[in-house]
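*Asks:* My questions all concern the structure below.
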Amino acid sequence: MRDNKQLTRHTGVIAATLASLLLAACSAGSTTDGGGGGKSGKTDDALKIGLNAEPANLDITKTAGAAIPQALLYNVYENLVKVDQSGKIQPQLAKSWSLSKDRKTYTFQLVKDAKFSSGAPFTAEDAKFSIERVKSDWTIAQKAQMDVVDTVQAVSPTELKVTLKEPSNDWLYRMTTRVGVMFSRTGVSKLATAPVGTGPYEVKKWTRGDSITLARRDGYWGSEPHFASVTLKYFKDPTAMNNALLTGTINVIGTMQTPDSLDRFANNSTYKVIEGTTNGEVLLSLNNGSGPLKNLKARQAVRYAIDHKALLDTCWAGRGKLIGSMVPPTDPWYQDLSNQYPYDRDKAKKLLKESGVAGSTLRLRIPTLPYATACGTVVKSQLEQAGFKVTLDQLEFPAAWLSTVFKNGDYDMSIISHLEPRDMQTVFGDKSYYTHYDNPEFRALLKKADRGTQKEQITAMREAARLLSKDAAADWLFLLPNLMVADKDITGLPVDNVSESLDLTGLGRS
């Protein structure tokens, strides 16, 4: 990634926004109504949610990061299908679908009465336009997830046929994510500031540096959400976000950035505390393509030098899970690889000496995000105790970190959370991505997993994860927990976050 085009093309990483992706407890599971599952009947109720990373703009097709789909996916934009709280695929704008015997052709039956916020009807032509546009106009890394599509046909206004080049276990799942967003053929000229979608909300106001307000849309085709408006308020200071809940400025902390403060709220009957899991693998990212960590033994030494339990206890109050891989427990092919490189300082010193790069200085360049700054000093200390020389600097997030680390690869190590679901392929399957991991055997396993049976998929994905870990392509510090705090009367908050979306459609008030 040496130019701006590659910066925007390779964007799976910016999950570092850390924003917790709220998934609705009431999913769009009906085959006749894929819309929001909120309370019926209109209210004037308003909700304010505290988050910690604001989108740079609102163009989901060209801009890095988890912050845009967090705000817009399932709320302003809808897909043919979505994932429910358990991670299962459910209908949304497609009320049903079927797959041909050769596993290559999907036929979707679409809802009849959906309209975009512009007033234009949603039809199969819009779905065809949206899918084809990913391949032609999108620039982010996830656009590659649509490469398997061969042809798209609008059979009728309510029937869509998508034929793949070859069978893919992954494609339908990807249609639940940002690449599956349905756009209006006449509504893509101002995506950065004025998104047009079929969802129950539309962007009412964006105060840069402060908040985005979504307003419930009249004439929405599905079940109306409970809240008439939802304001996503962004805080750079996690203590300020905590205080905002305590003073009633916000109703929900979308992701608690000071986990040691959780008990303060848990012991207060005014609030409810949610603690579960996420897709957010916190990586000690290693530059596999250049510098000292191009050396396998040096990378292995890094992994042996990290005492993960002590790190988690120190920098994230012991909350989170040690996984040792790029697969969270909510994925079907999860396996606990946290002991593949057990903490062993002597072995780390030995490997470092054998690597021939012991005299080199490793540049640990971290974003100004709470988990990164909290864990950065711990990582530096543990590596230095194993004989490494380490410099630590903080880069303003997102601009400076994106430019320096993500775009230019000017780093040896970083700390970043990857929140996108099932992102092992995005982060490590392309050697031009910022990690610069290049292993043909790994890529072959990913392809085998996608083309095979579901059983073969699980077997191959587990093998790929083990190979990735063995190669020490990164060090997985821990899996971010889902830590949320809210006014006690807020309902529909999920225990686990398994989507890119901060899904507002199932939230309510008791």
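*Asks:* Given the criteria more than 29 Å from Phe428 (Cβ to Cβ), open to solvent by 20 Å² or more (accessible area, probe 1.4 Å) and under 22 Å from the mean Cα position of the chain (by Cα), does Thr207 qualify? Even if it seems obvious, please write down each step before you answer.
*Replies:* Details: more than 29 Å from Phe428 (Cβ to Cβ): yes; open to solvent by 20 Å² or more (accessible area, probe 1.4 Å): yes; under 22 Å from the mean Cα position of the chain (by Cα): no.
So Thr207 fails the test.
*Asks:* I'd like to verify a number: residues in segment 240-261 that are of a type outside the set (A, V, I, L, M, F, W, C) and either part of a loop (DSSP other than H, G, I, E, B) or more than 24 Å from Leu479 (Cβ to Cβ) (or both), how many?
*Replies:* In the first step, residues of segment 240-261 are kept if they are of a type outside the set (A, V, I, L, M, F, W, C); the result is 242-243, 247-249, 251, 254-255, 257-261.
Of the ones still in play, those that are also either part of a loop (DSSP other than H, G, I, E, B) or more than 24 Å from Leu479 (Cβ to Cβ) (or both) are 243, 247-249, 251, 254-255, 257-258.
Result for segment 240-261: 9.
*Asks:* Considering Glu202, Glu281, which residue is among the charged types (D, E, K, R), open to solvent by 10 Å² or more (accessible area, probe 1.4 Å) and touching a Leu at 6+ places or on another chain (Cβ under 9 Å)?
*Replies:* Criteria check complete, one pass: Glu202.
*Asks:* Continuing with this model, one more query. If you take the residues of segment 55-67 that are more than 18 Å from Ala215 (Cβ to Cβ) and open to solvent by less than 10 Å² (accessible area, probe 1.4 Å), which of them is nearest to the chain's Cα centre (by Cα)?
*Replies:* Step one: list which residues in segment 55-67 are more than 18 Å from Ala215 (Cβ to Cβ), which gives 56-57, 59-67.
Okay, now just the ones that are also open to solvent by less than 10 Å² (accessible area, probe 1.4 Å), so 60-61, 65-67.
Numbers: Ile60: 13, Thr61: 15, Gly65: 8, Ala66: 5, Ala67: 9 Å.
By that ranking, first place goes to Ala66.
*Asks:* Next up: Can you name every residue in segment 160-177 that is closer than 20 Å to Val111 by Cα, open to solvent by less than 10 Å² (accessible area, probe 1.4 Å) and of a type outside the set (S, T, N, Q)?
*Replies:* Across segment 160-177, the qualifying residues are Leu160, Val162, Met175.
*Asks:* If you take the residues in segment 210-241 that are free of Cβ contacts under 8 Å to residues at least 12 places away in the same chain and within 20 Å of Thr368 (Cβ to Cβ), which one is surrounded by the most Cβ atoms within 10 Å (Cβ to Cβ)?
*Replies:* To start, the set of residues in segment 210-241 that are free of Cβ contacts under 8 Å to residues at least 12 places away in the same chain comprises 218, 237, 240.
With the extra rule that they be within 20 Å of Thr368 (Cβ to Cβ), the set shrinks to 237, 240.
Numbers: Asp237: 13, Ala240: 11.
Out of the qualifying residues, it is Asp237.
*Asks:* Would you be able to tell me the number of residues in segment 480-497 that are more than 23 Å from Ile212 (Cβ to Cβ) and either surrounded by 24 or more Cβ atoms within 10 Å (Cβ to Cβ) or aromatic (Phe, Trp, Tyr) (or both)?
*Replies:* 1
Results for (1) open to solvent by less than 20 Å² (accessible area, probe 1.4 Å); (2) not β-branched (Val, Ile, Thr), shown as yes or no for each residue.
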position: Ser98; (1), (2): no, yes
position: Thr107; (1), (2): no, no
position: Ala114; (1), (2): yes, yes
position: Ser118; (1), (2): no, yes
position: Gln153; (1), (2): no, yes
position: Thr158; (1), (2): no, no
position: Val188; (1), (2): no, no
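Residue-wise test of (1) touching a His at 6+ places or on another chain (Cβ under 8 Å); (2) surrounded by fewer than 20 Cβ atoms within 10 Å (Cβ to Cβ); (3) under 30 Å from Val83 (Cα atoms).
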| position | (1), (2), (3) |
| --- | --- |
| Ile323 | no, no, yes |
| Leu351 | no, no, no |
| Ser355 | no, yes, no |
| Gly359 | no, yes, no |
| Arg365 | no, no, no |
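*Asks:* Separate question: Given Ser261, Ser338, Ser269, which one is in contact (Cβ under 8 Å) with a residue 24 or more places away in the chain, closer than 30 Å to Lys488 by Cβ and surrounded by fewer than 21 Cβ atoms within 10 Å (Cβ to Cβ)? Full working, then the answer.
*Replies:* Working: Ser261 fails: in contact (Cβ under 8 Å) with a residue 24 or more places away in the chain; Ser338 fails: closer than 30 Å to Lys488 by Cβ.
One residue alone meets the criteria, Ser269.
*Asks:* Okay, next question. If you check every pair at least six apart or on different chains, which have Cβ atoms under 6 Å apart with a residue in segment 390-416 that is open to solvent by 50 Å² or more (accessible area, probe 1.4 Å) first and a residue that is in a helix (DSSP H, G or I) and β-branched (Val, Ile, Thr) second?
*Replies:* Pairs found: Asp410/Thr404.
*Asks:* If you take just the helices (runs of 4 or more DSSP H) that sit entirely in segment 291-364, which of them hold at least 1 residues that are under 28 Å from the mean Cα position of the chain (by Cα) and at pLDDT 95 or above?
*Replies:* Values: elements: 296-305, 308-315, 345-355.
By residue number, 296-305, 308-315.
The values are calculated or read from the model by the stated rules, or taken from the named source; none is laboratory data. From a predicted model like this one, the values you see are computed outputs, not experimental measurements. All Cβ positions, glycine included, derive from the backbone under ideal geometry; neighbour counts span all protein chains shown. In case anyone asks, the SASA skips ligands and DNA or RNA and just uses the protein heavy atoms, side chains included. Shrake-Rupley method; radii C 1.70, N 1.55, O 1.52, S 1.80 Å.
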